[in-house]
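Single-structure report; data block below.
The values are calculated or read from the model by the stated rules, or taken from the named source; none is laboratory data. Everything quoted here is computed from the prediction, not taken from an experiment. In this analysis, Cβ positions are derived from the backbone assuming ideal geometry, glycine residues included, and neighbour counts consider all displayed protein chains. These accessible areas exclude ligands, DNA and RNA; they are computed on the full protein's heavy atoms, side chains included. Shrake-Rupley method; radii C 1.70, N 1.55, O 1.52, S 1.80 Å.
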There are 2 protein chains.
Amino acid sequence: MDKRVGFIGLGIMGIPMVHNLIKAGFEVTVYNRTALKAAQMVAEGATKAISPKELTLENSVIITMVSDTPDVESIILGKNGVLESIKPDSVVIDMSTISPQVTQKIAARLREKKAHMLDAPVSGGEQGAVDGTLSIMVGGDIDILERCRSMLEAMGKNIVHVGSNGMGQTVKLMNQIIAAGNLNATVEALVFAQKHGVDLRKAIEAVQGGAAGSWQLSHLAPCMIRRDFKPGFMVDLMQKDLRLVMEDSESMRVSLPATSLIHQMFHSLQATGEGKSGTQALIKVMERLAGIEVK
Amino acid sequence: MDKRVGFIGLGIMGIPMVHNLIKAGFEVTVYNRTALKAAQMVAEGATKAISPKELTLENSVIITMVSDTPDVESIILGKNGVLESIKPDSVVIDMSTISPQVTQKIAARLREKKAHMLDAPVSGGEQGAVDGTLSIMVGGDIDILERCRSMLEAMGKNIVHVGSNGMGQTVKLMNQIIAAGNLNATVEALVFAQKHGVDLRKAIEAVQGGAAGSWQLSHLAPCMIRRDFKPGFMVDLMQKDLRLVMEDSESMRVSLPATSLIHQMFHSLQATGEGKSGTQALIKVMERLAGIEVK
């Protein structure tokens, strides 16, 4: 396979992902709205393009890693976008987390140009991007995935094909529904125990090996206890993902009672200026509700 | 320590626990409301008492393993109960799951007789009871726990002292808050994915290794997918525990928004005759809400 790739979106995730592609021997052309970050990557061996359209002229695989649905739409479908110059049999790999339904729409537009799409959102956060250990959930044609596998393997470890276009995004949102629900359950339990004066460290030790065990409990409850609210994953990003879940649940007519409630709880954190905190700050909302004052 | 113990309550948990005590060399006297089950244990080497009071005359350690708060109250505080014949320095170990606040009240009554109490509820279910691998969360005086440790080790593995009387029960309820929340998150995510036509097995494979990982996802989602609703843990018992959580959250003034919602969702299962199903049947409620018909 071609060792050239175009990469659009140099945020906290995109930069380390490009690093790992360069390290694995790929020739990377980058585009970013903020030119400064692109210049930085050029210093490390990347080439810079002045628009998604120009980047696409020179590459037959284009990766997008941006914030939200409208960003992907504008990069691919907008003026000077990918669609204007894409060649037949090229592949767009969107690794952002965006709407499953818009993903299907974009894939259809690319298909009209005889190009392919993979939706390949990731989990594992900044650390996973740096370490090249991201989990990647892939929707799209499995042959196209196989063609791009070595490239994805430069950035991630657990690469799973989950279905057709849009389904990578659906599974990513599923991941967020569970992560938010498990986090909230942990928070309600800790506040309940705290109100009873239980030693929370001992309580976690007692329950985490059994039916209450979860990644959220093991990784985030200790942060809550030592009042460490540094972001592993930011509240604002969780809220963006839960907004996608809510929009999708509305159009698909699927009721998600607890997820919807938890989305509202997170609003309370955003209302008090905690949008940039880690999701474990959710315990502050539940403490407020329980009338617990923490110094 | 004394190798004699009195055991009250021969249900699905109590019977295998008595087996394990006998196997570990303890002389067990049993009492059960339904005499038939006691007779069965006598055939296996136990002695039978005709009342909690009589059982207590002959034993200085008494274990109770019954269904609910009023059962424990009547066995200990009621007519012909434990309190009528308990000797100073005896120990009552309540391994049922009951109200933390009633536990404190019972402990105080025992203290008046210079007797001790441990609240030592378990998790791990019937299989854990059979295998002798129950997790045991202990509230009460740590010296008393040490005195009874070898007895508890005949029945369980992870024995953790979590605080004073009532705190064992509080941590058990905390365990149930998390288990119910994680289960519900799993269910909402699966129904969301199902509505999008995702292959659920692949989706679970993609997410269970990361931030969405939990015991509930790994153990119960596969049951849901193969429509296996046999009880690992019964809906009716989860509802009893969540009722204890709700009563306690009311009297302690602690808000548990999602736990309360999930308690209501489980009512829907009880309303359709699924009280004896495993908790994983919760997916049926969410499928109904989403208008999904499953053959």
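Just a few scattered comments:
- Chain B holds its axis-closest Cβ, relative to the rotation onto A, at the residue and whole-Å distance B:214, 2.
- In the elastic network of chain A, a GNM with C-alpha springs shorter than 10 Å, the most mobile of A:64, A:272, A:56 is A:272.
- Ascending list, in nanometres, of distances separating the residue A:247 label from those of the other copies (7 Å, Cα toward Cβ): 4.7
- Anisotropy class assigned to region A:4-163 is rounded, per the alpha carbon gyration tensor with a/c under the 1.5 cut-off.
- Just checking the listed ones, A:106, A:225, A:75: in the Gaussian network model of chain A with Cα springs under 10 Å, the one fluctuating most is A:225.
- Inter-copy separations for residue A:27, label at 7 Å along Cα-Cβ, nm, ascending: 8.8
- 10 Å Cβ neighbours from other chains, averaged over peptide B:212-221: 6
- Kyte-Doolittle mean at least -1.0 and Cα axial length at least 30 Å: DSSP H helices in chain B: B:167-195
- Ascending list, in nanometres, of distances separating the residue A:112 label from those of the other copies (7 Å, Cα toward Cβ): 8.3
- Exercise: per-residue mean of other protein chain Cβ atoms within 10 Å, A:228-239: 0
- Taking every protein chain into account, the accessible area of region A:170-290 amounts to 34 square angstrom per residue (probe 1.4 Å).
- Based on protein heavy atoms only, region B:4-163 ends up with 39 Å² per residue of surface accessible to a 1.4 Å probe.
- Anisotropy class of region A:1-55 from Cα gyration tensor, a/c 1.5 cut: oblate
- Length-normalised contact order of region A:170-290 in % [C-alpha pairs under 8 Å, at least 6 apart]: 37
- Per-pair calculated FRET efficiency, R0 = 60 Å: residue B:4 and residue B:218 via Cβ, rounded to 0.05: 0.90
- Listed residues A:93, A:142, A:177, most fluctuating in chain A (Gaussian network, C-alpha, under 10 Å): A:142
- Long-range amide H partners of residue A:47 with built H, under 5 Å: A:28, A:29, A:30
- DSSP bridge pairs, region A:4-163: antiparallel proportion in percent, nearest 5: 10
- Cα gyration tensor shape for region A:202-259, rounded if a/c is under 1.5, else prolate or oblate: oblate
- Amide H within-cut-off set for residue B:4, under 5 Å, with H built and near neighbours excluded: B:27
- DSSP beta bridges fully contained in chain A are about 15 percent antiparallel.
- DSSP-defined beta bridges in the protein assembly as shown - what % are antiparallel, rounded to 5: 15
- Over chain A, relative contact order from alpha-carbon pairs under 8 Å, at least 6 apart, %: 13
- Here the simple spin-label model places points 7 Å from the Cα toward Cβ, and for residue B:113 and residue A:292 these points are separated by 3.6 nm.
- Contact order relative to length of region B:182-251, as percent, for alpha carbon pairs under 8 angstrom and 6 or more apart: 31
- Shielding of peptide B:156-167 by partners, expressed as the average count of other chain Cβ atoms within 10 Å per residue Cβ, is 4.
- Rounded to the nearest 500, the helix-only mean residue ellipticity at 222 nm of chain B stands at -16500 deg cm²/dmol, with each DSSP H run of n ≥ 4 adding -39,500 (n - 2.57).
- With both labels modelled 7 Å from their Cα along Cα-to-Cβ, the residue A:43 to residue B:43 distance reads 8.2 nm.
- To put it simply, the accessible area of region B:137-201 at a 1.4 Å probe is 47 percent carbon and sulfur.
- The A and B chains share an interface that buries close to 5200 Å² of accessible area, total over both sides, probe 1.4 Å.
- Difference of contour (0.36 nm per residue) and Cα-Cα distance, residue A:252 to residue A:24: 78.0 nm
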